[in-house]
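**Student:** Sharing a structure, written as structure tokens. Questions coming.
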Amino acid sequence: MPGQSLLWNHPPDNLVLSSQDVHVWRAELKQPTEWVEKLSQTLSEDEQIRAKRFYYERDRKHFIVGRGLLRTLLSRYVGIAPDQLQFCYGSRGKPSLAATGVDSTIQFNLSHSHGLALYAVTRDRKIGVDLEYIRSTSDVEKLAQRFFSPREFAIIHSLPPDQKQIAFFHAWTCKEAYLKATGEGLAQLEQVEVSLDLGEPPRLLSINKDCQPPTQWRLEALTPAIDYMATLAVEGQNWHLDCWDWQGS
């Protein structure tokens with residue numbers, strides 16, 4: 001399945017995010033203790049409480065870095081200190097910036113898996129991103145039969161064994177990225193049908209069995225690291241993608 005090989009560049013000092021720009025940030029959740037402590041200071045009271053609930057220290061630190069980095073990145077776009085940002089949440093848990101004097105045009109989404117995180121940021125466009133670590137899964141066909149459309153399951157069933165798993169994770173990230181963008185959640189996985197053509201860019205084929213392709217959305221396959229797969233879903237077609245690498249600065 002396709003995964004676009006993109007350069008993950010060091011970001012410029014002065015970030016510019018126009019209405020035609022989409023930025024995706026890549027970050028390792030395992031960070032030095034001093035960075036974990038610094039990012040912890042940016043968290044809200046409820047985020048601090050959530051962090052303390054984690055049983056394992058590694059998971060607690062990953063949560064702190066994940067949320068603290070979200071605040072740090074968004075602060076660069078809206079010009080407000082990370083600890084002053086406030087979030088609100090949709091009915092399915094999708095976060096957004098609360099309208100408390102910040103740039104309300106900023107839209108964002110995030111995903112993390114196996115110690116790696118992606119953050120997607122744009123303006124005035126719905127956006128979703130999903131990241132998955134490609135792990136060995138013995139019941140790929142059973143999962144596809146349960147969560148995918150009959151046509152998608154038939155394609156995966158017909159593939160050689162070494163391609164089934166890649167096809168499954170490709171389809172999963174496409175579906176989840178779109179559902180995260182719309183805020184509908186994973187309960188609608190089987191209602192989203194995507195292309196599974198080898199070597200072709202990902203496409204949405206139908207939503208809720210509508211035979212008309214949803215052309216108002218564009219999917220972009222990403223390769224964040226070896227053994228990872230990700231898909232970006234963005235509303236509209238006329239946008240430009242930049243991928244940035246966060247290095248703790």
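**Student:** Exactly one condition in (1) of a type outside the set (A, V, I, L, M); (2) at pLDDT below 95; (3) within 23 Å of Gly236 (Cα to Cα); (4) touching a Ser or Thr at 6+ places or on another chain (Cβ under 8 Å) is false for Phe108; which is it?
**Tutor:** (2)
**Student:** When you scan the stretch 115-143, how many residues do you find that are modelled with pLDDT of 95 or more and at positive phi?
**Tutor:** Number satisfying all stated conditions: 1.
**Student:** Follow-up. Which of the residues belonging to the stretch 79-100 are modelled with pLDDT of 90 or more and either of a type in the set (Ser, Thr, Tyr) or not assigned by TED's automatic domain parsing to the domain that holds Thr42 (or both)?
**Tutor:** Residue satisfying the conditions is Ser96 alone.
**Student:** Could you tell me whether the stretch 167-182 includes any residue that is free of Cβ contacts under 8 Å to residues at least 40 places away in the same chain, part of a helix (DSSP H, G or I) and out of contact with any strand residue (DSSP E or B) (no Cβ under 8 Å at 6 or more places or on another chain)?
**Tutor:** yes
**Student:** Among the listed residues Glu152, Glu141, identify the single one that is in contact with a helix residue (DSSP H, G or I) (Cβ under 7 Å, 6 or more places away or on another chain), over 30 Å from Gln41 (Cα atoms), buried (at least 21 other Cβ atoms within 10 Å of the Cβ) and of a type in the set (Asp, Glu).
**Tutor:** Glu152
**Student:** Looking at the stretch 25-69, which of its residues are out of contact with any strand residue (DSSP E or B) (no Cβ under 6 Å at 6 or more places or on another chain), part of a loop (DSSP other than H, G, I, E, B) and not small (Gly, Ala, Ser)?
**Tutor:** Listed by number, the residues that qualify are Lys30, Gln31, Pro32, Gln41, Thr42, Leu43, Arg53, Phe54, Tyr55, Tyr56.
**Student:** In the stretch 70-88, which residue that is closer than 23 Å to Leu116 by Cβ and either out of contact with any strand residue (DSSP E or B) (no Cβ under 7 Å at 6 or more places or on another chain) or not aliphatic (A, V, I, L, M) (or both) is surrounded by the most Cβ atoms within 10 Å (Cβ to Cβ)?
**Tutor:** Checking each candidate, the answer is Thr72.
The values are calculated or read from the model by the stated rules, or taken from the named source; none is laboratory data. Computed from a prediction, not measured in an experiment: that's the story for all the values here. Cβ atoms come from the backbone with ideal geometry, glycine included; neighbour counts cover every protein chain shown.
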